[in-house]
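J.: If you scroll down you'll find the structure; I have some questions about it.
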Amino acid sequence: MSNVVSLFSDTQKYEERPVVVLADDDPSIRLMVRHVLESEDFDIVEASDGLEAIKAVEKYHPALILLDAVMPGIDGFTTCQQIKEKGHTDIPVMMITGLDDDASVERAYEVGAIDFITKPIKWAVLKHRVKSVVEKVIAERKVELLAYRDKLTGLPNRLLFADRLEQSVIRSERSRTSMALMLVNIDDFKLVNDSFGHAAGDKLIQAVGQLIGRSLRRADTIARLGGDEFAVIIESIDGPEDAISIADNLTTILEHNVRLDDQETYTSASIGIAVYPDDGKDARTLLKNADTAMFRAKESGRHCFQFYTPEMSVNAMERIDLENSLKAAFEKDEFLIHYQPVIDINKNEIVGVEAQLRWQHPEKGMIHPEDFISTVEDSGLIIALGEWLIFSVCKQIRAWHDSGLKDQHVSINLAPRQFIEQDIVALFVQALKENDIEASSLAVEVTERTLIDNLGEVESTLKKLRSMGIQIMLDDFGTGYASLAYLKNYPVSVVKIDREFILGIPENHEDSVIVEAIAGLTRGLKLDLLAEGVETERQLEVLKQLGCQYAQGYYWCKALPGDEYEQFYMNQIYNIG
């Protein structure tokens, strides 16, 4: 598939036989190092000088680089510096050197080396250090897998796509060339899911990703943004005419019969196009306008493409209507809170609940947050609604206490915008005081994206909440990118693994690998793991084997109104599941 590197395959390959690039002008040293490391199941790629080493790194993207400090041509220090300047900052470099002076040591660290192996080489020490470093690299690449690649297709995910789009805009601006952003949405995808099941839907998404990838140049970018939506970045075009040709080709290619197990289904796609610089001079505007054009393509009968035009206001108007409806819903008290039990899966006991927002629409009935929460956050209504949620939860805890449910622990989701525009600490202090409850009755859930954005403000607020006794939970782990540094530095005590990964275990190998990696990561950091979306006995057994402590999902109970949860708790307290 063009421009696609399967991070799953790379990670599995490195686990089986990690690649090490060895650069040394002494063939006898290379022979001995190869002998020692190949006996430990490493693949060794040899280079006799710095230039060969740089080429090997570009080709193999190894787990580790071993560089002799003194080589003909460019020495090891310069080689290391050039490797890092080419963007390979994630590959650790160890220097093999007979130099024993402070200046050499200092220079090595300045250019990016992480350690030294001194000559004469002690082979046992070399073997131990290489194994230790490579194990860390493999673990970090597993986490990177969650960050930048879509687990189903191996394509860049939304986070990596955003970065590539920003870079494409910058390059187009510098070169004064045009580029096209295309959003590709599978037609009638919901019908496939409903008719054949989610497994068939996943196969269709994979097939469409492959069809798009095969039709593009190697320099083009294809990403999966989520669900049935893909994005394509086409750089260095002469204008809209080139984009028309590419979109017409894509539309034809995606008019395809795809076999899903024993069934064949016809697929097609709707494409929205925005062209730089006419339709936007920044990434955000291009994405918004391509999205508007894609919805117009859907409305125009599907299986077609549409360019953005300023007159396309349907999507914008729908957004405005939704915002107005949400504001009216808040004023009319149409929002509710439901509570989903959290289970200690080893003790088989209810240990808490998650507060989940619901919208009781007078005409459409109960609406779940995934259908409106992003609009709530973007519109600013999250400030008032977030305050209402905190006080309502505390009031409910007080009511439970008064009716005999003493030890209830409730988690509340916080949005990034609340950290910027609200004094969250003051809100919690006031709500706790008004309802005469302990801070230990509460937990707050924040997403990885919240941690990455507004670092100083978020870190300070979370530490204050933790000092009060409020537990901090990291929500939806695996859908974004929380580095080890974030997990180590923030007062997080529980990591919630996203339900998307739980749904596929144990049948889906990739889901199982990801869940196992996250479980290992949390164990290493001495954090508790909570799995969302548990629905089957088999999922539960896998989670127990991996050392997961807590879980929630339909296996036990859906989210319930406060009074119904109270009844559920009283009925199930002695016998869960």
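J.: Kindly check whether there is at least one residue in region 112-121 that is touching a Cys at 6+ places or on another chain (Cβ under 8 Å) and surrounded by fewer than 22 Cβ atoms within 10 Å (Cβ to Cβ).
T.: There is at least one residue in region 112-121 that is touching a Cys at 6+ places or on another chain (Cβ under 8 Å) and surrounded by fewer than 22 Cβ atoms within 10 Å (Cβ to Cβ).
J.: Please specify each residue of region 367-387 satisfying the condition of being of a type outside the set (A, V, I, L, M, F, W, C) and not in a helix (DSSP H, G or I).
T.: 368, 380 - these are the residues of region 367-387 that are of a type outside the set (A, V, I, L, M, F, W, C) and not in a helix (DSSP H, G or I).
Let's see how each residue does on (1) farther than 30 Å from residue 504 by Cβ; (2) in contact with an Asp or Glu (Cβ under 8 Å, 6 or more places away or on another chain); (3) modelled with pLDDT of 95 or more:
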{"position": "410", "(1), (2), (3)": "no, yes, yes"}
{"position": "416", "(1), (2), (3)": "no, yes, no"}
{"position": "423", "(1), (2), (3)": "yes, no, no"}
{"position": "429", "(1), (2), (3)": "yes, no, yes"}
{"position": "433", "(1), (2), (3)": "yes, no, yes"}
{"position": "448", "(1), (2), (3)": "no, yes, no"}
{"position": "455", "(1), (2), (3)": "yes, no, no"}
{"position": "465", "(1), (2), (3)": "yes, no, yes"}
{"position": "477", "(1), (2), (3)": "no, yes, no"}
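J.: For residue 64, state whether it is under 15 Å from residue 137 (Cβ atoms), modelled with pLDDT of 90 or more, surrounded by 17 or more Cβ atoms within 10 Å (Cβ to Cβ) and of a type outside the set (Val, Ile, Thr).
T.: When the stated conditions are applied, residue 64 passes them.
J.: Moving to a separate point now. Only one residue in 293, 200, 283 is assigned by TED's automatic domain parsing to the domain that holds residue 168, closer than 26 Å to residue 504 by Cβ and either of a type in the set (A, V, I, L, M) or surrounded by 18 or more Cβ atoms within 10 Å (Cβ to Cβ) (or both), so which one is that?
T.: 200
J.: May I pose another question? Report yes if residue 496 is more than 19 Å from residue 386 (Cα to Cα), modelled with pLDDT of 90 or more and buried (at least 23 other Cβ atoms within 10 Å of the Cβ), otherwise no.
T.: So residue 496 fits the description; yes.
J.: Inside region 480-562, counting only helices (runs of 4 or more DSSP H) that do not spill past its ends, which hold 1 or more residues that are touching a residue at least 60 places away in the same chain (Cβ under 8 Å), in contact with a helix residue (DSSP H, G or I) (Cβ under 9 Å, 6 or more places away or on another chain) and under 14 Å from residue 146 (Cα atoms)?
T.: 484-489, 499-502, 509-524
J.: Let me ask something additional. Could you check, for region 388-410, whether at least one of its residues is within 30 Å of residue 547 (Cβ to Cβ), touching a residue at least 12 places away in the same chain (Cβ under 8 Å), under 26 Å from the mean Cα position of the chain (by Cα) and not in a helix (DSSP H, G or I)?
T.: Yes, that holds for at least one residue.
J.: Mind listing just one residue for me: the one in region 414-432 that is over 13 Å from residue 392 (Cα atoms) and of a type outside the set (A, V, I, L, M, F, W, C) and, of those, nearest to the chain's Cα centre (by Cα)? Before the answer, list the steps.
T.: As a first pass, look at region 414-432 and keep what is over 13 Å from residue 392 (Cα atoms): 414-426, 429.
Narrowing the set further to residues that are of a type outside the set (A, V, I, L, M, F, W, C) leaves 416-418, 421-423.
On the way: 416: 16, 417: 19, 418: 21, 421: 25, 422: 26, 423: 28 Å.
Of everything passing the filter in region 414-432, 416 is nearest to the chain's Cα centre (by Cα).
J.: What residue, of 164, 176, 149, 129, is more than 25 Å from the chain's Cα centre (by Cα) and over 30 Å from residue 118 (Cα atoms)?
T.: Numbers: 164 fails: more than 25 Å from the chain's Cα centre (by Cα); 149 fails: more than 25 Å from the chain's Cα centre (by Cα); 129 fails: over 30 Å from residue 118 (Cα atoms).
Just one listed residue meets the conditions, 176.
J.: If you take the residues of region 259-287 that are of a type in the set (Val, Ile, Thr) and more than 24 Å from residue 204 (Cβ to Cβ), which of them is farthest from the chain's Cα centre (by Cα)?
T.: 275
J.: Sticking with this structure for a sec: Considering region 55-89 alone, what residues qualify as being part of a loop (DSSP other than H, G, I, E, B), touching a residue at least 12 places away in the same chain (Cβ under 8 Å) and not β-branched (Val, Ile, Thr)?
T.: 61, 62, 63, 69, 71, 72, 73, 75, 86, 88
J.: Still on this structure, I have one more. Before we move on, is residue 435 assigned by TED's automatic domain parsing to the domain that holds residue 529 and surrounded by fewer than 17 Cβ atoms within 10 Å (Cβ to Cβ)? It would help to see each step written out before you state the result.
T.: Working: assigned by TED's automatic domain parsing to the domain that holds residue 529: yes; surrounded by fewer than 17 Cβ atoms within 10 Å (Cβ to Cβ): no.
The answer is no for residue 435.
J.: Within region 296-321, count every residue that is modelled with pLDDT of 85 or more and crowded, with 18+ Cβ neighbours inside 10 Å.
T.: Count: 5.
J.: Which one of these is at pLDDT below 90 and either touching a helix residue (DSSP H, G or I) at 6+ places or on another chain (Cβ under 6 Å) or of a type in the set (D, E, K, R) (or both): 224, 218?
T.: 218
J.: Six or more apart or on different chains, Cβ under 9 Å: which pairs go from a residue in region 431-447 that's more than 18 Å from residue 418 (Cα to Cα) to one that's among the aromatic types (Phe, Trp, Tyr) and crowded, with 21+ Cβ neighbours inside 10 Å? Could you list them?
T.: Filtered contacts from region 431-447: 439/428.
J.: Identify, please: which residue in region 532-554 is hydroxyl-bearing (Ser, Thr, Tyr) and at pLDDT below 95 and is, among those, surrounded by the most Cβ atoms within 10 Å (Cβ to Cβ)?
T.: 536
J.: Spot the failing condition for residue 514; the list is (1) of a type outside the set (Asp, Glu); (2) modelled with pLDDT of 90 or more; (3) at negative phi, and only one is missed.
T.: Here residue 514 meets the rest and fails (2).
J.: Mind checking whether some residue in region 396-405 is over 22 Å from residue 320 (Cβ atoms), at pLDDT below 90 and not hydroxyl-bearing (Ser, Thr, Tyr)?
T.: The answer is yes, given that some residue of region 396-405 is over 22 Å from residue 320 (Cβ atoms), at pLDDT below 90 and not hydroxyl-bearing (Ser, Thr, Tyr).
J.: Then there's this: Looking at residue 164, is it in contact with a strand residue (DSSP E or B) (Cβ under 8 Å, 6 or more places away or on another chain), under 23 Å from residue 476 (Cβ atoms) and assigned by TED's automatic domain parsing to the domain that holds residue 235? Talk me through it step by step, then tell me what you get.
T.: Values: in contact with a strand residue (DSSP E or B) (Cβ under 8 Å, 6 or more places away or on another chain): yes; under 23 Å from residue 476 (Cβ atoms): yes; assigned by TED's automatic domain parsing to the domain that holds residue 235: yes.
Here the answer is yes, as residue 164 does meet what is asked.
J.: Give the residue, chosen from 78, 89, that is surrounded by fewer than 18 Cβ atoms within 10 Å (Cβ to Cβ) and within 19 Å of residue 118 (Cα to Cα).
T.: One residue alone meets the criteria, 78.
J.: Picking from 331, 349, 323, which residue would you name as being of a type in the set (Asp, Glu), closer than 17 Å to residue 568 by Cβ and more than 26 Å from the chain's Cα centre (by Cα)? Break it down into steps so the answer makes sense when it comes.
T.: Numbers: 331 fails: closer than 17 Å to residue 568 by Cβ; 323 fails: closer than 17 Å to residue 568 by Cβ.
After applying the criteria, what remains is 349.
J.: Can you work out which of the residues in region 380-401 that are out of contact with any Asp or Glu (no Cβ under 9 Å at 6 or more places or on another chain) and among the small types (Gly, Ala, Ser) is surrounded by the fewest Cβ atoms within 10 Å (Cβ to Cβ)?
T.: Ranking the qualifying residues of region 380-401, first place goes to 384.
J.: Let me ask another. Residues in region 365-379: is at least one assigned by TED's automatic domain parsing to the domain that holds residue 431, over 25 Å from the mean Cα position of the chain (by Cα) and surrounded by fewer than 14 Cβ atoms within 10 Å (Cβ to Cβ)? Show your work before the answer.
T.: Restricting attention to region 365-379, the residues satisfying the condition of being assigned by TED's automatic domain parsing to the domain that holds residue 431 are 365-379.
Filter once more, keeping what is over 25 Å from the mean Cα position of the chain (by Cα): 365-367.
Restricting the remaining residues to those that are surrounded by fewer than 14 Cβ atoms within 10 Å (Cβ to Cβ) gives 365-366.
Checked against the condition, which is being assigned by TED's automatic domain parsing to the domain that holds residue 431, over 25 Å from the mean Cα position of the chain (by Cα) and surrounded by fewer than 14 Cβ atoms within 10 Å (Cβ to Cβ), region 365-379 yields at least one hit.
The values are calculated or read from the model by the stated rules, or taken from the named source; none is laboratory data. Nothing here was measured: the structure is a model prediction, and the numbers come from that model. FYI the Cβ positions are ideal-geometry reconstructions off the backbone, even for glycines, and counts take in every protein chain you see.
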